[in-house]
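See below for the structure under consideration.
Laboratory data are not the source of any read-out in this text; all were calculated from the coordinates shown. Remember, predicted model here, so these are calculated numbers, not experimental data. Counting neighbours? That spans all protein chains shown, and the Cβs are built from the backbone with ideal geometry, glycine included.
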Amino acid sequence: MKLEGWPIVGWATLAIGAMIAAITALVGSDEAGIRMVVRATARTSVVLFTAAFVASALHRAWPSAVSRWMLANRRYLGVSFAVSHTAHLLAILALAGWSVGKMVADAGPVALILGGGAYVFLAAMTATSFDRTAAWLGPTRWRRLHTIGAYYIWTIFFVSFTPRVTQSPIYAPFALLLLATLVLRLRARPTSRLVAAASPTPSR
């Protein structure tokens, strides 16, 4: 049976939880294990984010059953990304000994402002991923929030992952994925009619 709607979020949450449990079981829950969880959740966040980020552009460029599924479930992929990135934030907090003050001090002002901005957008976008809150916000403001927020989060991911390519080749596929999704999204920008059609609609 095809996975659709909110069960996507449930299964994504279970998968992320299982991944974290496996890492802590195999590596431990000390600093090394927590750092691995931080890196792992950053990567799952990128994958889920880019899936939501590129869904409509991919379907316009190369319509297929996969792109149609991604577009129909873009909301749930986005909420799954929020789950993954919340786990990422909690792992960073655990690395700081569950001290918000230490986490802020360790991050530094630049990372705190830029990363904090991404989490503000993430919270606002997640909160307006429900029919009632999306309707309250209105189609125009909803599109503006989700468009600006998506490009801002893309930028944070790109400047976070790209410099690390020189440190480890494992970051290269994620940097290339981010770049490819941006290029595709810019090349397959919708017409005004399609933009209007992309407004939030009630879920099934």
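Any residue at all in segment 54-64 that is in a helix (DSSP H, G or I), surrounded by fewer than 19 Cβ atoms within 10 Å (Cβ to Cβ) and β-branched (Val, Ile, Thr)? No; the residues of segment 54-64 include none that is in a helix (DSSP H, G or I), surrounded by fewer than 19 Cβ atoms within 10 Å (Cβ to Cβ) and β-branched (Val, Ile, Thr).
Of (1) closer than 27 Å to residue 134 by Cα; (2) among the small types (Gly, Ala, Ser); (3) assigned to a helix (DSSP H, G or I), residue 5 satisfies all except one. Which? Evaluating residue 5 over (1) closer than 27 Å to residue 134 by Cα; (2) among the small types (Gly, Ala, Ser); (3) assigned to a helix (DSSP H, G or I) leaves (3) as the failure.
Listed by first and then second residue, the pairs linking a residue in segment 102-131 that is in contact (Cβ under 8 Å) with a residue 40 or more places away in the chain to a residue that is not β-branched (Val, Ile, Thr) and not in a helix (DSSP H, G or I), with Cβ atoms under 7 Å apart and 6 or more places separating them unless they lie on different chains, are 131/202; 131/203. If you go through segment 112-147 and keep only what is among the hydrophobic types (A, V, I, L, M, F, W, C) and farther than 22 Å from residue 88 by Cα, you end up with 130, 134, 135, 136, 137, 142, 145.
Of all residue pairs spaced 6 or more apart or on separate chains, those with beta-carbon atoms under 6 Å, a first member in segment 163-189 that is surrounded by 14 or more Cβ atoms within 10 Å (Cβ to Cβ) and a second member that is among the hydroxyl-bearing types (Ser, Thr, Tyr) are 164/171; 165/171; 175/162; 177/50; 181/50.
Is it fair to say residue 56 is closer than 25 Å to residue 21 by Cβ and among the hydroxyl-bearing types (Ser, Thr, Tyr)? No. Count, please, the residues in segment 38-80 that happen to be over 22 Å from residue 189 (Cβ atoms) and either without any contact (Cβ under 8 Å) to a residue 40 or more places away in the chain or among the polar types (S, T, N, Q) (or both). Of the residues in segment 38-80, 8 are over 22 Å from residue 189 (Cβ atoms) and either without any contact (Cβ under 8 Å) to a residue 40 or more places away in the chain or among the polar types (S, T, N, Q) (or both).
For residue 20, the test of being over 15 Å from residue 78 (Cβ atoms), within 18 Å of the chain's Cα centre (by Cα) and surrounded by 19 or more Cβ atoms within 10 Å (Cβ to Cβ) is passed.
Look through segment 144-171, keep the residues that are in a helix (DSSP H, G or I) and small (Gly, Ala, Ser), and return whichever of them is nearest to the chain's Cα centre (by Cα). Before the answer, list the steps.
First pass over segment 144-171, keeping only residues in a helix (DSSP H, G or I): 144-166, 169-171.
If we keep only those that are small (Gly, Ala, Ser) too, we end up with 149-150, 160.
Numbers: 149: 11, 150: 9, 160: 14 Å.
Of everything passing the filter in segment 144-171, 150 is nearest to the chain's Cα centre (by Cα).
Of all positions in segment 86-100, at least one carries a residue that is more than 11 Å from the chain's Cα centre (by Cα), loosely packed, with under 13 Cβ neighbours inside 10 Å, part of a helix (DSSP H, G or I) and β-branched (Val, Ile, Thr).
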